[in-house]
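The values are calculated or read from the model by the stated rules, or taken from the named source; none is laboratory data. Because the structure is predicted, anything quoted here is derived from the model rather than measured. Positions of Cβ are backbone-derived with ideal geometry, glycine not excepted, and every protein chain shown enters the neighbour counts. To get the accessible areas, we keep the full protein, side chains included, count just its heavy atoms, and leave off ligands, DNA and RNA. Shrake-Rupley method; radii C 1.70, N 1.55, O 1.52, S 1.80 Å.
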Amino acid sequence: HAGEAAVPGLEHLVVLGHYGTERWDAATGEITAPPPHPGIAAVRAELPALLDRAGASQGTWIEEKGRAIAVHTRRAADPQATFETLRAPLTDLATRHALIVEPGRLVLELRPPGMDKGVALGEYARHISAASVLYAGDDLGDIPAFAAVEKLRTEGVPGLLVCSGSTEVTELADRADVVTDGPEGVVRLLRSLAALSAP
């Protein structure tokens, strides 16, 4: 319900989704988002035939994300080769419909341009005049957010970069201040920080 937090202490929780284009505010219970990009519907219609032509339909799967569409190659016979095979044709498809391709761990996501996790994080941190920032991530899409925290540091805002233990995205682990043992490790880190700040 609007204005009622399910967990005490999270009354001011804000969740940014779809790289920051969607926003849910616990204080009001409202979700705000721009209208869907028309390119998503066009890509949705063309994608199955493109995968067939590329010979990549076996083992790949399409994830509908509302404001984006993702093609996963993890279940293909050769996941990395299929990922590389699809990268150029999916980029061409995205470009024709004014979208961009965001690569991840054996996934290629087609989404609208103009917003990424770094832009969303930077804008929100400034909006709330954040005194400090902790960002945890585990995929290539988190690199812009790492860069945003690094930029905030140069502006005098303390920031902590956490890699959620992914050995598949070494770029994050190399830049992180802390590397945890997956999501469970992130939870343990947050609990320890909460315990330190408890009265």
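Observations
- Residue within the stretch 102-122 that is farther than 30 Å from residue 73 by Cβ, in a helix (DSSP H, G or I) and of a type outside the set (Asp, Glu) present: yes
- Within the stretch 137-192, the set of residues being farther than 19 Å from residue 19 by Cβ, hydrophobic (A, V, I, L, M, F, W, C) and part of a helix (DSSP H, G or I) comprises 173, 186, 187, 189, 190.
- Within the stretch 105-121, if we keep just the residues that are of a type outside the set (A, V, I, L, M) and buried (at least 20 other Cβ atoms within 10 Å of the Cβ), the residue that is farthest from residue 171 (Cα to Cα) turns out to be 112.
- Failed condition for residue 69, given (1) within 27 Å of residue 123 (Cα to Cα); (2) open to solvent by 50 Å² or more (accessible area, probe 1.4 Å): (2)
- Meets criteria (under 25 Å from residue 164 (Cα atoms), hydrophobic (A, V, I, L, M, F, W, C) and either in contact (Cβ under 8 Å) with a residue 24 or more places away in the chain or in contact with a Phe, Trp or Tyr (Cβ under 7 Å, 6 or more places away or on another chain) (or both)) for residue 107: yes
- Hits in the stretch 122-163 (condition: among the acidic types (Asp, Glu), farther than 20 Å from residue 187 by Cβ and either buried (at least 19 other Cβ atoms within 10 Å of the Cβ) or touching a residue at least 60 places away in the same chain (Cβ under 8 Å) (or both)): 123
- Members of the stretch 19-48 that are part of a helix (DSSP H, G or I) and open to solvent by less than 50 Å² (accessible area, probe 1.4 Å): 19, 20, 39, 40, 42, 43, 47
- Search result, residues across the stretch 71-101 that are closer than 15 Å to residue 37 by Cβ and outside any loop (DSSP other than H, G, I, E, B): 93, 94, 95, 96, 100, 101
- Cross-chain or 6+ apart pairs with Cβ under 9 Å, the stretch 183-198 first and under 15 Å from residue 160 (Cα atoms), then of a type in the set (Gly, Ala, Ser) and part of a helix (DSSP H, G or I): none
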